[in-house]
Amino acid sequence: MSEPLHTVYVPRDAAALSVGADETAAAIRAEATRRGIPLRIVRNGSRGMLWLETLVEVETPEGRVAYGPVMAEDVAGLFDAGFLEGADHALTHGLTEKIPYFAKQERLTFARCGIIDPLSVEDYRLHGGFRGLERALAMTPAEIVTEVTESGLRGRGGAGFPTGIKWNTVLNAKADQKYICCNADEGDSGTFADRMIMEGDPFCLIEGMTIAAIAVGATEGYIYIRSEYPHAVATMREAIRLAYDEKWLGDEIHGTGHRFHLDVRVGAGAYICGEETSMLESLEGKRGTVRAKPPLPALEGLFGKPTIVNNVLSLTSVPIILDKGANHYRDFGVGRSRGTLAFQLAGNIKHGGIVEKAFGVTLHELLYEFGGGTITGRPIRAVQAGGPLGAYLPPSLFELPKDYEAFAAVEAMVGHGGIVVFDDSVDMARQARFAMEFCAAESCGKCTPCRIGAVRGVEVMDRIIAGDKVAANITLLNDLCEVMTDGSLCAMGGMTPIPVRSALKHFPEDFTRSPAAVAAE
């Protein structure tokens, strides 16, 4: 009688691969073969607890037991300890679902990520996949748009514009062709949620885009992914091929009259292509420069046709809204910020990773209850929320609830949910300089305030850091920020002053050191 087949999960997510997940998986297979133990290895996505990668999980009658971080050299010892039965070991964390970091989350969008085989249609369906699309196929387009509108879903790409209103505009537009474009050009510092869900649950994005297409009458769609994400590109392309095979994409979606064709396009990795009109230019084969608005992309988008442009997290939030209903989704969150967001903890943080929570969670909870403070053990002095153009916030604002309006009230933004942490060794004047330098490097160059203003901003910051006429140069810096805010064509130049001004406001001592102190450094 053969031994029972053991199932071991080893992530194939890029974060896990970067720390040796392939080598760990190969070592597990080789050790099982050497010992004559039947074994099934599933290459799942990441659970989002990145400090534990490579996180190896073993299926047991009580549930999956977690071991991590597991390197290839740890594998023989795990077998000796009996890890295939969930036995104790120095790398054991017990049942994965009960690890506090994971157990305290409210996973709606990432409910399957790290659990399923990303490229198994059967696994996706067994875990609730395609139920939202099946319901959408039985609804009218207007009913789908109403469901999304009533859920309170707002764009998760940063702007926070109500998704249902955007969809309704495209629905009511008259045209012979409409498009769905997914902006997966994830370029914000400290963000990785788009990549993680594309690599861990790609059918969720396909399902969300197909629902959007049915809702507005679009028949073609594109996922725009930056070239720095080769694993996400490969996973999405294979998932699309499988979806065609299973008739979830194509001319007759599961025998209905609905038609939707989907493809992946790879961008060169320019930050500005995260802006919707630049992305559309790039999709059309042109240089990625911003377009003046109006016209809105919802009316004249890709190739001049009505187009939905949403980011990955917006579109992957849609399947559960259609599956569970608008009320279920709206019950999460606070005020006008409904549902959940995948907050991404990065930088100098002990437990970096994804935390999906309802809006209203505070920065303090995210930084300390989930993040565990800094990895250096020094006090947190600042966090940058919302990407490289987001505000730097001091500890006095860490009790601020994460919602769009509360953050806007202190001249900050939730953005894509990225949070980059700095300990008390950070120099905030140099961080302000980084904001200007980043804009100078990434500006598309179409408008003068952004193209020239950022270069002048770096020069002014260099003089301030050198202690040269500090007061006069801070006045000049503020004037420059005002010009960039009011005169830039898009958010790139318009938002670059946000981190600069926040650093000046909350950390003024870093800008006003005496020339003698600067020279002594």
Sites matching GluC sites (Glu not before Pro) across region 187-237 that sit in DSSP coil, with at most 16 neighbouring C-beta atoms within 10 Å: Glu228
Taking Cα pairs under 8 Å and at least six residues apart, what relative contact order does the chain come out at, in percent? 13 percent
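Taking 8 Å as the Cα distance limit and 6 or more residues as the minimum spacing, I'd like the relative contact order of region 161-283 as a percentage.
Numbers: 175 pairs, mean separation 35.9, N = 123.
Dividing the mean separation by the residue count of region 161-283 yields 29 percent.
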Within the accessible area of region 383-423 (1.4 Å probe), percent carbon and sulfur: 65 percent
Along Cα→Cβ, 7 Å out, is where each label goes; now give me the distance between the ones at Ala142 and Thr7 in nm to one decimal. 4.5 nm
How long is the gain from Lys293 to Asp117 if the chain were fully straight, where each residue apart is worth 0.36 nm and the alpha carbon distance is subtracted? 59.2 nm
Antiparallel bridges, percent of DSSP beta bridges restricted to the chain (to nearest 5): 55 percent
If the cut-off is 18 Å between C-alpha atoms, which lysines fall inside it for Lys350, apart from same-chain ones fewer than 8 positions away? Lys104
Helical mean residue ellipticity (222 nm; -39500 (n - 2.57) per DSSP H run of 4+; nearest 500) of the chain: -11500 deg cm²/dmol
Give me the 1.4 Å probe accessible area per residue for the chain, excluding ligands and nucleic acids, in Å². 38 Å²
Take Ser227 and Arg35, extend 7 Å from each Cα along the Cα→Cβ direction, and tell me the distance between the two endpoints in nm. 4.5 nm
Using 1/(1 + (r/R0)^6) with R0 = 41 angstrom and r between the beta carbons of Ala159 and Asp245, what's the FRET efficiency to the nearest 0.05? 0.70
Measuring from centroid to centroid over Cα atoms, what is the spacing of region 378-416 and region 303-350 in Å? 19 Å
Kindly flag which residue pairs out of Lys247/Lys305; Lys166/Lys293; Lys98/Lys357 have an alpha-carbon separation exceeding 23 Å in this structure. Lys247/Lys305
At 0.36 nm per residue, minus the direct Cα-Cα distance, what do Glu238 and Arg336 gain on full extension? Give it in nm, one decimal, please. 31.6 nm
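Mind ordering 335-342, 101-108, 270-277, 361-368 by average Cβ neighbours within 10 Å, highest first?
Highest mean packing first, the order is 270-277, 335-342, 361-368, 101-108.
Using the Kyte-Doolittle scale, which helices in the chain average at least -1.0 and also have C-alpha atoms spread 20 Å or more along the helix axis, with helices defined as whole DSSP H runs?
Those that pass (Cα extent of 20 Å or more, hydropathy at least -1.0) are 21-35, 202-216, 230-245, 428-442, 448-465, 470-487.
The values are calculated or read from the model by the stated rules, or taken from the named source; none is laboratory data. Predicted, not measured: the structure shown is a model, and the values here were computed from it. Neighbour counts are summed over all protein chains in view; Cβ atoms, including those assigned to glycine, are modelled from backbone coordinates with ideal geometry. What goes into the accessible areas is simple: the full protein's heavy atoms, side chains included, and nothing from ligands, DNA or RNA. Shrake-Rupley method; radii C 1.70, N 1.55, O 1.52, S 1.80 Å.
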